Amino acid sequence: MPANLTFRGISIDATDVAAQARFWSEVLGWNAHPAPDGTVTLAPTDGSAYVITIRPVDTPKPGQNKIHFDLTTDSPVAMAATVQRALDAGGRLIDIGQTEADGHEVLADPEGNELCIIEPGNRFLADTGTIGAINCDGTQALGYFWSQALGWPLVWDQDEETAIQSPAGGSKITWSGPPLLPRYERDRIRFDVSTTDLDQARTALSALGATEIDASTMRDLDGNEFTLTQVPPAG
């Protein structure tokens, strides 16, 4: 049974929603839309088919995230400008073990969430959008899980690393394989998916190995939380 899912986007928990929304809006060039419930949704301006939702929480980031963004650039000048834009918006350069030979820059946003700014000429992320990859810590099996759940084909499957991409193009979602990062009580950055038939989607996802947490939240094969929302059929 197909899960009939749509990838709605990414949720990011924040203790200062306004500051986080301002940072990501300035870095990505996406438009910020505050909501009465305290969340801010960032809507794409580059043709991406998903949103980023910043959600208020009281707890600070506990450690390295299992999900981060890889931002693309098309020239050395553009790469330097993106780094500077992130720094001006409240980000900072960080060291997570990368070397100069890696070519990319690693930064953190104002609340410490990691992001990478990728050097121009990266062929794997060519023609993907401002966010070239949603880069995830996870097993090979998890890549297979999301490929089946979303109906997105595998575009990389080697050495326990996997990646999928919508048939329509856009950002790739990648999984780095073992060893995995430590797990904390709460996943600060999570997938948001939607369906027109919640019961059918839950049944299909459970058959793939997901488990239910509550009416709107499940865990994938690796134990990562994701949000499942019902939406009305198109039209």
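A few points about this structure:
- The range 101-114, subset modelled with pLDDT of 70 or more and out of contact with any Leu (no Cβ under 8 Å at 6 or more places or on another chain), residue farthest from Pro76 (Cα to Cα): Glu111
- Residues in the range 36-57 that are open to solvent by 50 Å² or more (accessible area, probe 1.4 Å) and in a strand (DSSP E or B): 2 in all.
- Which listed residue, of Leu87, Leu28, Leu93, is under 22 Å from Ile173 (Cβ atoms) and either at pLDDT 95 or above or in contact with a strand residue (DSSP E or B) (Cβ under 6 Å, 6 or more places away or on another chain) (or both): Leu28
- Annotation: of all residues in the range 151-186 being assigned to a loop (DSSP other than H, G, I, E, B) and among the acidic types (Asp, Glu), the one that is modelled with the lowest pLDDT is Glu185.
- Tabulated pairs, the range 46-59, first farther than 16 Å from Gly29 by Cβ and modelled with pLDDT of 95 or more, second acidic (Asp, Glu) and not in a loop (DSSP other than H, G, I, E, B), C-beta under 7 angstrom, 6+ apart or interchain: Thr53/Asp192; Arg55/Asp13; Val57/Asp13
- Hits in the range 121-142 - residues which are at pLDDT 95 or above, touching an Asp or Glu at 6+ places or on another chain (Cβ under 7 Å) and of a type outside the set (Val, Ile, Thr): Leu125, Gly132, Ala133, Asn135, Gly138, Gln140, Leu142
- Cβ-Cβ under 6 Å pairs, at least 6 apart or on other chains, the range 167-184 side open to solvent by 20 Å² or more (accessible area, probe 1.4 Å), far side among the hydrophobic types (A, V, I, L, M, F, W, C): Gly170/Ala49; Lys172/Ala133; Lys172/Ala163
- Looking only at the range 167-224, and only at residues there that are under 18 Å from the mean Cα position of the chain (by Cα) and of a type in the set (Ser, Thr, Tyr), the one that is nearest to Ala3 (Cα to Cα): Ser194
- Enumeration of residues in the range 7-31 that are surrounded by fewer than 17 Cβ atoms within 10 Å (Cβ to Cβ) and either of a type in the set (Gly, Ala, Ser) or touching a helix residue (DSSP H, G or I) at 6+ places or on another chain (Cβ under 9 Å) (or both): Ala18, Ala19, Glu26, Gly29, Asn31
- Given (1) of a type outside the set (Val, Ile, Thr); (2) out of contact with any strand residue (DSSP E or B) (no Cβ under 8 Å at 6 or more places or on another chain); (3) under 26 Å from Arg183 (Cα atoms); (4) open to solvent by less than 40 Å² (accessible area, probe 1.4 Å), index of the condition Ala78 fails: (3)
- Matching strands (runs of 3 or more DSSP E) fully within the range 187-233 where at least 2 residues are open to solvent by 20 Å² or more (accessible area, probe 1.4 Å) and among the acidic types (Asp, Glu): 211-214
The values are calculated or read from the model by the stated rules, or taken from the named source; none is laboratory data. Since this is a predicted model, take the numbers as computed values, not measurements. So basically every Cβ, Gly included, is an ideal-geometry build from the backbone, and we count neighbours across all protein chains shown. Please note that ligands, DNA and RNA were not included when accessible areas were found on the heavy atoms of the full protein model with its side chains. Shrake-Rupley method; radii C 1.70, N 1.55, O 1.52, S 1.80 Å.
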